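The values are calculated or read from the model by the stated rules, or taken from the named source; none is laboratory data. Not measured: the values here are computed from a predicted model. Neighbour counts are summed over all protein chains in view; Cβ atoms, including those assigned to glycine, are modelled from backbone coordinates with ideal geometry. Ligands, DNA and RNA are stripped out before the accessible areas are found, and what is left, the full protein with its side chains, is counted by its heavy atoms. Shrake-Rupley method; radii C 1.70, N 1.55, O 1.52, S 1.80 Å.
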Amino acid sequence: PMIYAITPTYNRPEQIAELTRLSQTLMHVPALHWIICEDATTASEPLQRFLLNLKLPYTFLFAPMPSKYRDDKKMVYKPKGVAARNAGMRWIRDNNKTGVFYFMDDDNSYDLRLFREMRYTQRVSMWPVGLVTGLALSTPVLKDGHLVGWYDGFIYGRKFPVDMAGFAVNVDYWRAAGEVEMPFKTSYEEDGFLRAIGISFSELEFKANDCTEIYVWHTRTSKAPKAKRTIFEPAFDDSNIRILQN
Ligand code: UGA
Ligand code: MN
C-alpha cells in the first residue's frame with residue numbers, strides 16, 4: 001500500500017530547514033507520496049526552489065487558514081494546519097487514491113520504522129509520540145495487547161487524547177466512513193476527526209511494539225532570531241561584516 005504523508009507548512013525563516021530535514025527522511029521511505037500543503041496563496045521563492053530540487057513524488061497544494069480564524073485578533077490558539085490536512089484528504093479523494101494517510105507536521109522527528117508499521121493500517125493505527133505536552137509523552141496504554149487507558153498531558157474531555165503524529169488512517173476506511181474532515185477546533189482537531197470517523201477502541205491497531213517504543217517525536221524548532229530578512233537575502237549591516245585586510 002502507498003503512504004500519503006500530508007504535511008502542513010507555512011512560510012517563516014525555519015521553513016526550508018524543516019522541509020529539507022523532512023524530505024531527507026522521506027527519501028528513505030518507499031512507495032510514499034508527499035502532499036505538501038502551504039498555509040498561503042502564493043509560493044515564496046525559496047519554497048519554489050525547494051520544490052524544483054525535490055527528488056520525491058509530491059503534490060503541492062495551497063491551503064490557507066480561513067480568514068475568519070487568521071484575522072481573529074482575540075483568538076490566541078489558532079487551528080494550525082487544519083485547512084492543509086483537509087486539502088490533502090480532498091486531493092486523495094479527488095484522485096481516487098488507496099492506501100494509508102498520515103498527518104506529518106513539518107517540524108517533528110520520525111523513525112523510519114514508523115512507516116514500515118503504518119503501511120499495513122486496516123482502519124486506524126496508533127502509537128506513542130515523544131516530547132509532547134508537559135508530560136513529554138502521549139500514548140495509548142495497553143495491557144496484554146488491549147487498550148486500558150491513555151497517557152497524555154491534555155486529556156480534558158477528549159475520547160481520543162492523541163497527538164496529530166500519533167495515528168494513521170486507511171484511505172478506504174476513511175472513504176467508507178464518509179470522507180470526514182478535520183474540524184477547525186483548536187486542540188480538539190485529532191479528537192474531533194477520530195470521533196467523526198467512528199472508529200471504536202477495539203478496532204484500533206496498536207503499533208510500535210504494543211506502544212512501548214517511540215518512533216516519532218514532537219520536536220519544536222526554536223525561532224530564528226528576528227533578522228530583517230531570511231538567509232536567502234541576508235541583511236547586510238556593516239557591523240556584521242569583517243573585511244580582511246593584508
Ligand atoms: C501543536 C500540536 O501539538 C500538534 O499536534 C498540532 O498539529 C498543532 O499544534 C496544531 O495546532 O495543529 P505545534 O508544534 O504547536 O503543535 O504546532 P506547529 O508545529 O507550529 O504547527 C503544526 C503544523 O501546522 C506544522 O506542520 C506547521 O508547519 C503548520 N502551521 C503552523 C501552519 O500551516 N500555519 C501556521 O500558522 C502555523
Ligand atoms: Mn510542531
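At a glance:
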{"quantity": "Options Leu61, Leu26, Leu51: the member that is in contact with a helix residue (DSSP H, G or I) (Cβ under 6 Å, 6 or more places away or on another chain) and either surrounded by 13 or more Cβ atoms within 10 Å (Cβ to Cβ) or within 21 Å of Ile92 (Cα to Cα) (or both)", "calculated": "Leu61"}
{"quantity": "Whichever residue in region 80-94 is open to solvent by 10 Å² or more (accessible area, probe 1.4 Å) and more than 15 Å from ligand 1 (Cβ to nearest atom) and, among such residues, is farthest from the chain's Cα centre (by Cα)", "calculated": "Asp94"}
{"quantity": "Those residues of region 169-203 which are within 20 Å of the chain's Cα centre (by Cα) and part of a loop (DSSP other than H, G, I, E, B), in sequence order", "calculated": "Glu179, Val180, Glu181, Met182, Pro183, Phe184, Lys185, Thr186, Ser187, Tyr188"}
{"quantity": "Tally of residues being farther than 27 Å from Glu38 by Cα and free of Cβ contacts under 8 Å to residues at least 12 places away in the same chain across region 107-135", "calculated": "0"}
{"quantity": "Within region 190-222, considering residues that are of a type outside the set (Val, Ile, Thr), in contact (Cβ under 8 Å) with a residue 24 or more places away in the chain and within 16 Å of ligand 2 (Cβ to nearest atom), the one most open to solvent (accessible area, probe 1.4 Å)", "calculated": "Arg220"}
{"quantity": "Residues located in region 46-75, provided they are farther than 28 Å from His28 by Cβ and either part of a helix (DSSP H, G or I) or of a type outside the set (A, V, I, L, M, F, W, C) (or both)", "calculated": "Pro64, Pro66, Ser67, Lys68, Tyr69, Arg70, Asp71, Asp72, Lys73, Lys74"}
{"quantity": "Of residues in region 104-121 being within 16 Å of ligand 1 (Cβ to nearest atom) and of a type in the set (A, V, I, L, M), the one surrounded by the fewest Cβ atoms within 10 Å (Cβ to Cβ)", "calculated": "Leu114"}
{"quantity": "Residue under evaluation Val132, criteria (1) in contact with a His (Cβ under 6 Å, 6 or more places away or on another chain); (2) surrounded by fewer than 23 Cβ atoms within 10 Å (Cβ to Cβ); (3) not small (Gly, Ala, Ser), criterion not met", "calculated": "(2)"}
{"quantity": "Positions within region 45-85 being of a type in the set (Phe, Trp, Tyr) and either under 16 Å from Thr7 (Cβ atoms) or in contact with a Pro (Cβ under 9 Å, 6 or more places away or on another chain) (or both), in sequence order", "calculated": "Phe50, Tyr58, Phe60, Phe62, Tyr69"}
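Here's the yes/no breakdown for (1) in contact with a helix residue (DSSP H, G or I) (Cβ under 8 Å, 6 or more places away or on another chain); (2) among the aromatic types (Phe, Trp, Tyr); (3) in a loop (DSSP other than H, G, I, E, B); (4) open to solvent by less than 30 Å² (accessible area, probe 1.4 Å):
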position: Thr20; (1), (2), (3), (4): yes, no, no, no
position: Ala40; (1), (2), (3), (4): no, no, yes, yes
position: Tyr77; (1), (2), (3), (4): no, yes, yes, no
position: Asn96; (1), (2), (3), (4): no, no, yes, no
